[in-house]
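Enquirer: What follows is a structure written as structure tokens; I'll ask about it next.
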Amino acid sequence: MRFILVFALLLPTLAFAQSGIITGTARDRNTQEPLIGVSVQVVGSQLGTVTNEKGAFRIESIPVGSYTVQSSYIGYQPQSRFNVNVTVGNVQILNFEMAPAASQLQQVEVVANRRQSAAVADLVTPLSVQSLTTEEIRSNPGGNFDISKVVQVLPGVATNGTGGGSRNDLIIRGGAPNENVYYIDGIEIPLINHFTTQGSAGGATGILNVSFIEDLKLSSSAFDARYDNALASVFEFRQRYGNPERFSGNVRLSGSEFATTLEGPVGAKTTYLLSARRSYLQFLFKLLDLPIRPNYWDFQYKVDHKLNDKTSISFIGVGAIDDFSFGVPRESTPENEYILRSTPTSTNGIIQRA
């Protein structure tokens, strides 16, 4: 009887512990002004809320699981975010940028000369611009949270056949891998992969942490004028802000690496995002008695300080250390041992700050 009474008292606490929180903002896509009164609904449930005077919303007590979250507002196109994973302990941050809805006018019939219209190029090229959200990157089967591998499944994207499936050498519209350019929050970085080779921007695995990414825009033609050095494609990564409410983070352990991400507020107007990742492939390959010893680190951070309601300043950084060496297997001939010991090793590092 005593056990039943204790269980009954703890049951509400246990039920509350198995729920999560979704928070974020809703803004006008063109002006970046916060939208007041936007309805944000968890599809398939009775959970929902509206944005406040700052365009922010918060939905609590959401059972753990994967959901579709939809925002709607009069005069704007509704927007949905799919595969939003709600977990215990961490706050899921969603930011909606809503586009104004086009007004429908009365029907107008336009008659044109077919010969003239055939000579006019189509200015709209929807297939040349593709977007991915962080939820789509996380849920991609076989992507392993690697942005470069997820991009390979998009139309018009191929990989270098000589590297097989182990490298991220992206060939877009027939361009070479080193003809792609990469921008994070509008700042160009030279590469996004570990163990790149000369003349190629591809590598064995990606550098960027998917926990930082708000969305990815891939333009394979019709580049903006500000991207004057693009030959094949432009990758635009937009990073999110850190959790403005409380300290949180996540840890990821896979068969080849260990990664951790931390985020939270520093005062009322400052947030931060920090991450570090360390591989242990060198220990795995040594255990398998393979001669190669790949080893890498990467780091990433973003600190954002809000100056006022419309202006903020951000400090971002991306760094990586690659260390590739060789070891002598337990079963080896003297000739192979000589070759392995005389082969030069390489250590590369890249740091990008803004």
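The values are calculated or read from the model by the stated rules, or taken from the named source; none is laboratory data. The structure presented is a predicted model; accordingly, all values stated were derived computationally and were not measured. Cβ: placed from backbone, ideal geometry, glycine included. Neighbour counts: every protein chain shown. What goes into the accessible areas is simple: the full protein's heavy atoms, side chains included, and nothing from ligands, DNA or RNA. Shrake-Rupley method; radii C 1.70, N 1.55, O 1.52, S 1.80 Å.
Enquirer: Under the Karplus relation 6.51 cos²θ - 1.76 cosθ + 1.60, θ = phi - 60°, what is the ordered set of whole-Hz ³J(HN,Hα) values for the range 31-37, x standing for Gly and Pro?
Expert: Going residue by residue, I get 9, 6, 7, x, 9, 9, x Hz, with x marking Gly and Pro.
Enquirer: Per 0.36 nm of contour for each residue apart, how much would the distance between R138 and L287 grow if the chain were fully extended, relative to their Cα-Cα spacing?
Expert: 50.7 nm
Enquirer: How about K302: which aspartates and glutamates have a C-alpha closer than 17 Å to its C-alpha, ignoring those fewer than 8 places off in the same chain?
Expert: Straight-distance partners of K302: D185, E188, E214, D215, E236, E245, E263.
Enquirer: I need the Kirkwood Rh of the range 203-268: take the reciprocal of the average 1/r across all distinct C-alpha pairs and report it in angstrom.
Expert: It is 14.9 Å.
Enquirer: Amide H neighbours of Y76 under 5 Å, at least 5 residues apart or on other chains, H built in the peptide plane: list them.
Expert: The answer is A101.
Enquirer: How many Å² of accessible area per residue for the range 291-335, probe 1.4 Å?
Expert: For the range 291-335, the per-residue accessible area is 58 Å².
Enquirer: Apply the a/c threshold of 1.5 to the C-alpha gyration tensor of the range 185-234 and tell me whether it is rounded, prolate or oblate.
Expert: It is oblate, given that a/c is not under 1.5 and a/b is not larger than b/c.
Enquirer: Between V110 and F82, what FRET efficiency comes out of the Förster formula 1/(1 + (r/R0)^6) with R0 = 35 Å and r the beta carbon distance, rounded to 0.05?
Expert: 0.45
Enquirer: Please report the net charge: other residues with Cβ closer than 10 Å to the Cβ of T49, K and R +1, D and E -1.
Expert: Net of charged neighbours comes to 0.
Enquirer: Which distance in Å, rounded to a whole number, links the C-alpha centroids of the range 289-322 and the range 235-282?
Expert: Cα centroid of the range 289-322 versus Cα centroid of the range 235-282: 9 Å apart.
Enquirer: Something else now. For a quick protection proxy, order the peptides 167-176, 29-38 by their average other-Cβ count within 10 Å, most packed first.
Expert: Ranking, from highest mean packing down: 167-176, 29-38.
Enquirer: Still on this structure: Spelling out what I want: for every residue of the range 277-290, take phi, set θ = phi - 60°, compute 6.51 cos²θ - 1.76 cosθ + 1.60 (Karplus), and round to whole Hz; glycine and proline get x.
Expert: 9, 9, 8, 10, 5, 4, 6, 5, 5, 5, 5, 7, 6, 9
Enquirer: Same structure, new question: 5 Å is the cut-off here: which amide hydrogens, built 1.01 Å from N in the peptide plane, fall below it relative to F96, excluding neighbours closer than 5 in sequence?
Expert: T25, A26, R27
Enquirer: How much length, in nm to one decimal, is gained on full extension between F315 and T68, taken as 0.36 nm per residue of separation minus their Cα-Cα distance?
Expert: Between F315 and T68, full extension yields an extra 85.8 nm.
Enquirer: On to the next question. Express the C-alpha Rg of the range 240-316 as a ratio against the empirical globular expectation 2.2 N^0.38 Å, rounded to two decimals.
Expert: Rg over 2.2 N^0.38 Å, computed on Cα atoms: 1.52.
Enquirer: While we're on this one: Using the Cβ atoms and a cut-off under 12 Å, what net charge is assigned to the surroundings of T133, where Lys and Arg are +1 and Asp and Glu are -1?
Expert: 0
Enquirer: Show the residues, 5+ positions off or on another chain, whose built amide H is closer than 5 Å to the amide H of N193.
Expert: It is I207, by chain and number.
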